[in-house]
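Chemist: Once you've had a glance at the structure underneath, I'll fire off some questions.
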Amino acid sequence: MSPLSSRPKLRPTRLAAAVLLPLLAGCARHGAPGWQGYLEGEFVYVAPPLSGQLETLAVEKGGRVEKGAPLFALEHAAEAASQRQAAEQLSATRARLADIRKGFRPSEIAALQARIEQARASAQLAQLDLKRQEALFHDQAISASDYDRARLTHEANVRAVEEISAQLRTARLGGRADAVAAAESDVRAAADALVRADWNLGQKAQASPCAALVYDTLYRPGEFVSAGSPVVALLPPGNLKVRFFVPEGDFGRLVAGARLLVSLTGRAEPLGAHVSYVSPQPEYTPPVLYNRDNRAKLVYMIEAVFDGAEARDLHPGQPADVSLPAG
């Protein structure tokens with residue numbers, strides 16, 4: 001018997017098992033997809049719209065603030081002076097409008113009324129004199145010129161009464177419509193200037209727009225801050241997300257809203273999350289640090305946000321393992 005014939009022959013079932021076991025083991029290792037990623041933060045940069053010297057910094061790096069808590073304040077002497085000037089200007093224009101609407105003062109109205117009484121008395125006296133002159137003229141005791149003089153004097157006194165009466169009615173009407181409209185426009189312009197001055201003064205002090213971690217402070221008191229330059233960087237818990245990359249074979253399993261589990265070093269239990277963004281564009285394989293299976297040539301970036309408030313204690317840059325829930 002040859003040496004080969006002396007070796008025990010493998011039965012077909014044992015041969016299939018010997019071949020399939022390594023394959024099944026490999027399938028078991030890759031049956032539950034998992035991907036490596038890292039935590040990413042979307043920061044809120046709080047900047048003043050106006051420039052100035054940083055006067056007060058009310059927060060420290062690494063601290064936490066609630067919504068509405070003061071963050072910093074710039075020097076505001078010029079803005080405060082402009083606000084006072086605008087307020088005084090508004091008061092002045094309102095006073096002028098009220099004066100135009102009221103018309104003449106009571107003493108001026110009284111003077112016109114006195115002039116009317118005086119004019120009426122003169123008109124009555126001229127009327128009596130006219131009657132006497134008319135009788136004398138009919139008796140031919142006076143000349144025609146004397147009679148005409150008396151008649152014209154009476155008419156002039158009557159016109160004077162009418163003129164002063166018209167002045168009194170005008171005085172009681174107040175300002176003309178166009179003058180009142182112009183004064184009202186001045187009041188609105190002054191009110192807008194005060195609103196602008198109030199806004200400028202208010203922007204010199206900034207408060208936190210949300211509850212967040214003070215991730216960084218970029219200026220120190222005494223430094224000059226340009227308009228639009230961030231002074232404080234905030235990281236709200238809701239702005240912390242996990243970013244990971246998946247190969248093309250797993251891309252179809254992840255859609256917006258899909259549930260995920262995120263495992264972090266030092267935490268016994270994974271955190272719940274859901275897919276918030278799926279990149280439609282493929283990318284080249286990122287560094288090995290962020291992808292265990294470097295055999296894939298193209299990967300897709302996925303972003304997910306956390307479900308609960310646990311994210312407030314996490315930090316951008318932390319490595320994370322992402323997987324689908326079982327079942």
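Every number in this text was worked out from the coordinates using simple rules, so none of it is lab data. The structure displayed is predicted, hence computed values, not measured ones. Methodologically, a virtual Cβ is constructed for each residue, glycine included, from the backbone with ideal geometry; neighbour enumeration extends over all protein chains shown.
Chemist: Using r as the Cβ-Cβ distance of Val195 and Glu223, and R0 as 30 Å, what FRET efficiency do you calculate, to the nearest 0.05?
Modeler: Approximately 0.50, to the nearest 0.05.
Chemist: Okay, next question. Can you give the extra length, in nm with one decimal, that the chain gains between Gln167 and Gln85 once fully stretched, where that is 0.36 nm per residue apart less the Cα-Cα distance?
Modeler: Length difference between fully extended and current span is 25.7 nm.
Chemist: Next up: Expected output is a single nm value to one decimal: the length gained when fully extending between Ser263 and Arg64, i.e. 0.36 nm times separation in residues minus the C-alpha distance. What is it?
Modeler: Going from the current span to full extension adds 69.2 nm.
Chemist: Separate question: At a Cα cut-off below 18 Å, give the aspartates and glutamates reachable from Lys131, other chains included and same-chain residues fewer than 8 away excluded.
Modeler: Hits, sequence-local ones excluded: Asp139, Asp146, Asp148, Glu155.
Chemist: Could you compute the FRET efficiency for Lys102 and Ser276, with r as their C-beta to C-beta distance and R0 at 51 Å, rounded to 0.05?
Modeler: Working: r = 65 Å, r/R0 = 1.27.
The calculated FRET efficiency here is 0.20.
Chemist: Note down the net charge around Gln140, summing +1 for each Lys or Arg and -1 for each Asp or Glu among other residues with Cβ under 13 Å from its Cβ.
Modeler: Around Gln140, the surrounding residues sum to -3.
Chemist: Using 0.36 nm per residue of separation minus the Cα-Cα distance, give me the extension gain between Gln53 and Ala207 in nm, one decimal.
Modeler: Length gained, Gln53 through Ala207: 53.7 nm.
Chemist: Okay, moving on. Can you give the FRET efficiency for Arg188 and Glu42, using 1/(1 + (r/R0)^6), R0 = 56 Å, r = Cβ-Cβ distance, to the nearest 0.05?
Modeler: Result of the calculation: an efficiency of 0.85.
Chemist: Ok, one more. Please compute P(r) over all alpha-carbon pairs of the stretch 217-264, binned at 10 Å starting from zero, and give each bin as a whole-number percent.
Modeler: Taking all Cα pairs of the stretch 217-264, the binned fractions are 16, 31, 18, 18, 14, 2 percent.
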